Structure formats: C-alpha cells, structure tokens
Amino acid sequence: MSWGYAVRRIAQLIPTVAAILLASFLLIHLAPGDPVLALAGEHGDAEYYEFMRDKFGLDQPLHEQLLTYAGNVLTADFGVSYVRGRPVLDVVLERLPATLLLTGAALLLSTVAGLLAGVFTATRRSRVPDLTVSGVLLTLYAAPVFWLGQLAILALALGAGWFPVQGMSTAGSDATGLANAADVAHHLALPAIVLASQEIAAVGRLTRVGLRDELDSDHVRMARAKGLAEATVVVKYGLRRALAPVVTVIGGRVGHLVAGAVIVEVVFGWPGLGRLLVTSTQSRDVPIVLGIFLLVAVTVVVANVITDLCYAWLDPRVRYR
Amino acid sequence: MSATADVPFEPAAPGVGRRRGVLRGVLGTPSGLLGAALTGTLVVVAVFAPALAPYDPFAIDGPVLHPPSVAHPLGTDALGRDLYSGVLYGTRTSLVVAGTVGVLVLLIGALVGAVSGYAGRWADDVLMRLTEAFQVLPRFFLAIVVIAFFGPGIDRLVLVLGFTSWPMLARVVRAEVLSLKQREFIAAAKAHGASNVRVVVREILPNALPAAIALLGLVLAQVILIEASLGFIGLGDPNAMSWGYLANEAQRFLRVAWWLPLFPGLAILLAVLGLNLLGDALTDILGGRR
C-alpha cells in the first residue's frame, strides 16, 4: 500500500463528514415551523427553548448557524435532551457499551461462521450439501432481522427454554465478576446470532465464489499435484487469495450491522443505543436522534476507510485514481 | 423523420427477439423461475388485494387472538382483526413504496451514471465522489431522522430512500456507458451529426438500462426490508397496513400467538427472496458490472 493512497483516502473523509453535517443541518431547517420547535419538541419550557436557541445559534444568520452547528458537533456537543433533562452525549455514552458488545460479538461471529460456511460449500463436490447450505444462506440473506429474532425467541427461548427472552442480564441478580459475565453472555448469545445471520450469509456467499475460482486455478492444481494435504491446499493456497474481497464485505457491512442492531435491540429488549434511538424518535426527542445519527454516520464512514486501507494493504494493485 | 433515420447502424434499442431471449433465459433456470413466480405473485396480490382479502384489514370483526382457522386462515390479532387480510394489504404498501422508490432510483441513477460515464474528466470525478459519499450514507438512520423531524409517512419515506438508494445503479450505468461509447454505432451516430444529448438518450441509454434494471431488483429488495424494519420499530405510516406494522403488533404477543409474528415475516421473506432471485437471474443474462 502506498502512503499516497492512504493519505488521499483519509483526506476524503473531510468532504464526506462535511456532507453529513450539512445534510443534518438542512433537515433542521427544512422541518416545518420554527427550527427551535423542530429541535426541542413542542412540550419544552421557555427556558429550555432559550437554551437551545442559544446553543444552536438560531438568532444568528444562517451561515453562522451552520458554523456554530459544525463546531458543536465536531466537539461532540449535541445539545441537551428535554425529555431526559440531560446532555445528549451523556445519555448516548451510557448506552454505547451494550451496543458495542452486541455488534462486536456479531461481527466476530459472522466472520468466523461465514468463512466456515463458504469453505464448506466451496469444497463439496457433491451437490446436495452445497445446495443445502447455499439455500440456507440465500434464505438468511432475504429474511428480515426482526422475524429471525421473533422466531428465535419462539423456538429457542420460549419453546426450548435454552435462552432468556429479554434483556441483558437476569433481573434482580446481584452476581458479580465471572458469574455476571456468564449471565450477560447467556443473554447475548441469541441476539448476537440473529444479528450475525445476514452477515454470515453475505460473507459465506462471497467466500464460496472466491474460493471456487481459486481452487480451479493453476497454482492450486500445482499444489495438489505436489501431493499436499487437501486442507493445506485450501487454507494456504486457496483461502489466502480469496480473503481480500471478504475483507471489504466485513468492513463495508458495519453499516448494515449497526442498523440491524437497532432492530435486534427492540426484539430482545437489549438496553443499547438502538432502543434509545427508537424511543427517542417516538417521543420526538430530536437532539438524541440527531446525535445518534451523526455518531453512526461518522462511524460507518470511518469503517469504510479502514476497510479500503486494509484491502489496499492485502492487494497492492489497488491504486487511487 | 430525422436525417439519421435511414442509416443502417441499427443495434441500438434491444429488439423484440432479444426480449424473448431474456424471458426464456430467466424462466429456464430453477432460481430464475422461482424469482419470477414470487415477484409476479407479489404484484398480483398487491393489485388485487381488495378482491382477495376476505375482510377489511383494520376492521375489528373476529374472535380475539384466534389461531389459524377456516374463517381466518392466518388467525386474528389482539383486536380480532384478520391477519390474512392484513398480510394481503401489506403487500400493497410494500410494493407502492418499492415501486415509487424504484422510479426515483432509476431516474437519478441513469442521469448520474450517464453524465459521469459520457462526459468523463472532472464531471466524472465529482459525480463519482458524490456517489461514494451517498453509498456510505446510512439510509436506515437517515430515514429515522427524517421521521423524527417530519413524523411518519409514506411520502417522505419514498423520498429519503429514493434519494439515497441510487449509487449502485449509477455505477452500473456508468460502466455500461463507458464500454458503449467506444462502440462503432456510437461513432456512426456522431458522424451523422447527432448531438451529445441525442447520442446518450437515443443510442446509449437504451443499451445501458437493461443492466441497471437487473440490479434494480436487488436494490428494491433492500428497500422492502428497510420499509418493513421501520414499520417494525413503530415508525411506519400509521394510515397504511404494512408487514412491518403487523410484526410490530406481534412483538407484544409472542408468548400467546405464534401466528402473529410468523406470517408477516414470511411474506417479507418471499418478496425479498423473489426480487433477489429475479435480479440475480437478470444480471446473469443482461450482464452488468458492479
């Protein structure tokens, strides 16, 4: 990977983040009525309206408002939620760990399980197991996340009783340390599997295609001819080169994963950012909704850049046009 | 009649013969056939929902939380509303959203892709950077922000999804235009004095669009999933019966009514699967570089 590419790709973050800022700013002013009402809701008191007017500089000319807004956002100041009576950042940070745990677990799970599924289908020469797994992957890819979650609750939590139905830990439990971690892991298992399912399908399909191509290539045939064990051939000669496009999918789908987390949190009553976003939208608590949107948008954009850099590092042919 | 009408550089618009070939190609593979059948069913159900549904989906006229029976094939909800009618009418909402978003996406994607590919140079650079920026924009979250500001509704949902779902299409159209503009019949059209706009609209776009339309199936499948997801978290249009709304209602009765979550989700799965399979089959035949 050339440094020039890295620098330019990172520099490209600036216009993208600026566009996100501008889009959210425009929405505030496109909303019907007084922008302070759009931001603060209709049930605030005079003091709070005054505070928000001041915070967003709503008395200033539009271009100065934009600068004030950009300054606020870039210093992670998203204002104060009237509904909760607290700064947006405090509320968001409080919920962030639960969501990070859920999405992190799902990302790890989808990578491992997706690769395994891809290798399994690509190396079967008989059609039945290949077709079965391919069919399952195709179905997972088309199934709505909330439906998978609801079915998982019906079958595995309410039905078999293997998993808890809701929440992140057993209510009223005062377990600490290892016992607490085990309890959280038990609650995490089902939501993480459900959230990972679509990514498993995506990673699996891509690995399968890439590996199939590699396994038919000359250098793999050569490795086989040398008498190497099939597992060595697949992992060392096939998978290594098939991995590069998989990396782009894993990184590029962080956005899907975060969006899926919102749904999964609602299905499983997981106390993260997603549920905060949904309840805040329903109560028109705009400062929180806007804060979460900006946080997610920037995260996704940065994740894409990191992905591109990893890809360029794996495949030196990548050049910035 | 224009001066170029009698000149034999014919293979511009895909002819009837090619269309027959596409149809045979799609229906000739099991997955293409399944995709076409599912998508066809989706459209038929959406159009004829009022005739097919035995009840008004919002009418309270059955036993409460009744499992599937002859009178209510998919059961009833906590208010005694017929789930079968709800699922049928939900098809309508999904298809209206997907259809209108599809038109917007096709228009914007074709415009951006054609200008980018045909004009080249700085216009291409600017438009492709713009496309990349839109591609990483989290659509689902942007839709939620819009709903937080403007309240739920189909119209704003269509606008948000339409104005954010075009980047993949623009890329495909651009790639097609780039390869088409090197071809001889384009040079021939130019030699006959056709303007740039005419060349793009009459000669290039008709040949670039099939690949874009093939991809449209995959894009609309995602749009249906997003629309349903918004409905599920309670942010759908309250005046329209939708699959997401039904799934949202089901969430509170998971312990007592398995049919409530099962059938709306199954309908979404079949719709998305159908569009994905059809899109894949069309892409295989019509090509399209992503």
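The values are calculated or read from the model by the stated rules, or taken from the named source; none is laboratory data. A quick note: this is a predicted structure, and the numbers were derived from the prediction, not measured. Methodologically, a virtual Cβ is constructed for each residue, glycine included, from the backbone with ideal geometry; neighbour enumeration extends over all protein chains shown. Note: accessible area is taken over every heavy atom of the protein model, side chains too, but ligands, DNA and RNA are not part of it. Shrake-Rupley method; radii C 1.70, N 1.55, O 1.52, S 1.80 Å.
Numerical summary
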{"quantity": "0 to 90° range, to nearest 10: angle between helix A:177-215 axis and chain A longest Cα axis", "calculated": "60"}
{"quantity": "Largest to smallest accessible area among B:GLU249, A:GLU94, A:GLU230 [probe 1.4 Å]", "calculated": "A:GLU94, A:GLU230, B:GLU249"}
{"quantity": "Alpha-carbon Debye profile of region B:63-222, log10 I(q)/I(0) at 0.11, 0.16, 0.17, 0.20 Å⁻¹", "calculated": "-0.59, -0.92, -0.99, -1.17"}
{"quantity": "Degrees separating the helix A:240-252 axis from the principal Cα axis of chain A, which is the longest one", "calculated": "20"}
{"quantity": "Cα→Cβ-extended label distance, 7 Å offset, between A:ARG86 and A:ARG127, nm", "calculated": "5.9"}
{"quantity": "Rounded to 10°, Cα long-axis angle of helix B:121-136 versus longest principal axis of chain B", "calculated": "10"}
{"quantity": "Top positive-direction residue, dipole computed over chain A with Cβ charges, set A:SER280, A:LEU39, A:MET168", "calculated": "A:MET168"}
{"quantity": "Whole-percent carbon and sulfur share, accessible surface of region A:122-170, 1.4 Å", "calculated": "67"}
{"quantity": "Alpha carbon convex hull of region A:32-77, projected area averaged over orientations, nm²", "calculated": "3.3"}
{"quantity": "Kirkwood Rh in Å, taken over chain A so that all alpha-carbon pairs contribute", "calculated": "22.6"}
{"quantity": "Sparse-neighbour loop sites [trypsin sites (Lys or Arg not before Pro); region A:107-172; at most 12 other C-beta within 10 Å; DSSP]", "calculated": "A:ARG125"}
{"quantity": "For chain B: relative contact order, % (alpha-carbon pairs under 8 angstrom, 6 or more apart)", "calculated": "27"}
{"quantity": "Fraction in percent of alpha-carbon pairs per bin - 5 Å, region B:97-142", "calculated": "5, 20, 20, 26, 17, 9, 3, 0"}
{"quantity": "Rg/Rg_ref, region A:72-197, where Rg_ref = 2.2 N^0.38 Å and atoms are Cα", "calculated": "1.40"}
{"quantity": "Zone residues, region B:73-116, relative to B:ALA51, backbone N less than 20 Å from point 7 Å out along Cα-to-Cβ", "calculated": "B:84-96"}
{"quantity": "Spatial extent of region A:60-122: Rg and Dmax, with the Cα atoms as the point set, Å", "calculated": "20.2, 62"}
{"quantity": "Where chain B is the region considered: accessible area per residue in Å², 1.4 Å probe", "calculated": "43"}
{"quantity": "Dimensionless Rg over Rh [region A:142-188; C-alpha; Kirkwood]", "calculated": "1.07"}
{"quantity": "Two-site label geometry, B:VAL103 and A:ALA225: point separation in nm, points 7 Å out along Cα→Cβ", "calculated": "6.0"}
{"quantity": "Estimated D of the protein assembly as shown in µm² per second, where Rh is the Kirkwood radius over Cα pairs and Stokes-Einstein applies at 4 °C, 1.567 mPa s", "calculated": "49"}
{"quantity": "Geometric extent, Cα atoms of region B:138-227 - Rg, Dmax (angstrom)", "calculated": "17.8, 55"}
{"quantity": "³J(HN,Hα) computed for each position of region B:97-103 - Karplus, 6.51 cos²θ - 1.76 cosθ + 1.60, integer Hz, glycine/proline x", "calculated": "4, 4, x, 5, 4, x, 4"}
{"quantity": "Size of charge dipole - the protein assembly as shown - debye, nearest 20, with Cβ of Lys, Arg +1 and Asp, Glu -1, no other charges", "calculated": "2560"}
{"quantity": "Expected 222 nm ellipticity per residue - DSSP helices of 4 or more, -39500 (n - 2.57), all of chain A, to 500", "calculated": "-24000 deg cm²/dmol"}
{"quantity": "Estimated translational D of chain B in µm²/s (Stokes, Kirkwood radius over Cα pairs; 4 °C; 1.567 mPa s)", "calculated": "62"}
{"quantity": "Shape box of region A:223-296 [Cα atoms, principal axes, largest first, Å]", "calculated": "67, 24, 11"}
{"quantity": "Interface size B-A, as summed buried accessible area [1.4 Å probe, Å², nearest 100]", "calculated": "4000"}
{"quantity": "Estimated dipole of region A:39-161 in Debye, rounded to 20 [Cβ of Lys and Arg +1, of Asp and Glu -1, Cα centre]", "calculated": "1140"}
{"quantity": "Interchain or long-range residues, amide H under 5 Å from A:VAL80's placed H", "calculated": "A:VAL88"}
{"quantity": "Packing rank of A:170-176, B:274-280, where each peptide gets the mean count of other beta carbons within 10 Å, highest leading", "calculated": "B:274-280, A:170-176"}
{"quantity": "Residue-span extension gain [A:PHE120 to A:LEU22] - 0.36 nm each, minus C-alpha spacing", "calculated": "30.7 nm"}
